Amino acid sequence: MKDILANITSDQAVYILKVLWEKRSDVREIIVHEAERLLGSVDLDEIAEDVFFALESIDVHELWDRSGSHSDGYTSPEDMAMEMVEEELDSFSDQIVRYHNLGLHDEEKLYCMGVLKGLYRFEKEAKSEFRNWASDIAGECFDFVHKAWQKQKGNERFAGEMGEFIKVTCPEWAR
């Protein structure tokens, strides 16, 4: 059979993985090892680049299409810009929560640092036309992500390290 993995859906792959998990303890150990290896390699600069790229890639024409008058009212371009940034950040925020739920607090901290760095970079370096409509949004999102991370039980031991990171990497947003 030609490359079967390239021709099945992600749902089918998950189903196969679950079947192997239930039936084969030797495979279960391999799965756990690979998951730990995958989740344990967090490169905060790579995360920051991904966040920056995701936000910098938002199309201003989509902003204009989604804002303005609609049958259910009016959405200002600024409000829609916030919604669109939040949509792009959802997967990053979800990953921070997944790390926390798995008890991978070091990885959670590094991933959060990457998100914060990416937001700061977007605020300072973005050149896209969308960025003009998204003034101050990155800072608001930065505060939200940082405060959400701070509230998670177990992260208080990293507060000093996170504060120092923000002071050095995002100096204008350090408090």
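Brief remarks follow.
- Lysine pair count for the chain with Cα-Cα distance under 28 Å and sequence separation of 8 or more or different chains is 21.
- Relative contact order of the chain, pairs being alpha-carbon contacts under 8 Å that are 6 or more residues apart, as %: 23 percent
- When the solvent-accessible area of the range 22-156 is split by element, carbon and sulfur atoms take up 49 percent of it, the probe being 1.4 Å.
- Each peptide among 66-74, 161-169, 46-54, 108-116 gets the average number of other Cβ atoms lying within 10 Å of its residues, and from highest to lowest they stand as 108-116, 46-54, 161-169, 66-74.
- Taking the charge dipole of the chain about its Cα centre, with +1 at Lys and Arg Cβ atoms and -1 at Asp and Glu Cβ atoms, the residue from TYR111, TRP173, MET84 reaching farthest to the positive side is TYR111.
- 3J(HN,Hα) along the range 164-170: 5, 4, 5, 4, 7, 8, 10 Hz, from the Karplus curve 6.51 cos²θ - 1.76 cosθ + 1.60 with θ = phi - 60°, whole Hz, x for Gly and Pro.
- Across the options TRP149, PHE130, SER69, the greatest Cα extent toward the positive end of the charge dipole of the chain (unit charges at beta carbon of Lys, Arg, Asp, Glu) belongs to TRP149.
- Debye, to nearest 20: dipole size of the range 1-127, +1 on Lys, Arg Cβ, -1 on Asp, Glu Cβ: 600 debye
- Computed from Cα positions, the angle between helix 10-23 and the longest principal axis of the chain comes to roughly 40 degrees.
- With respect to the chain, whose longest principal axis is taken over its alpha-carbon atoms, helix 105-125 is tilted by about 30°.
- Distance between the C-alpha centres of the range 22-67 and the range 154-175: 23 Å, rounded to the whole angstrom.
- Axis of helix 137-151 versus longest Cα principal axis of the chain: the two differ by about 50°, to the nearest ten degrees.
- Given the alternatives (i) 23; (ii) 44; (iii) 40, percent of Cα pairs over 26 Å apart as computed for this entry is given by (ii).
The values are calculated or read from the model by the stated rules, or taken from the named source; none is laboratory data. The model shown is predicted, which means the values in this text are computed figures rather than measured ones. Here Cβ is always computed from backbone atoms with ideal geometry, including for glycine, and neighbour counts include all displayed protein chains. When the accessible area is computed, the model is the full protein with side chains, heavy atoms only, and any ligands, DNA or RNA have been set aside. Shrake-Rupley method; radii C 1.70, N 1.55, O 1.52, S 1.80 Å.
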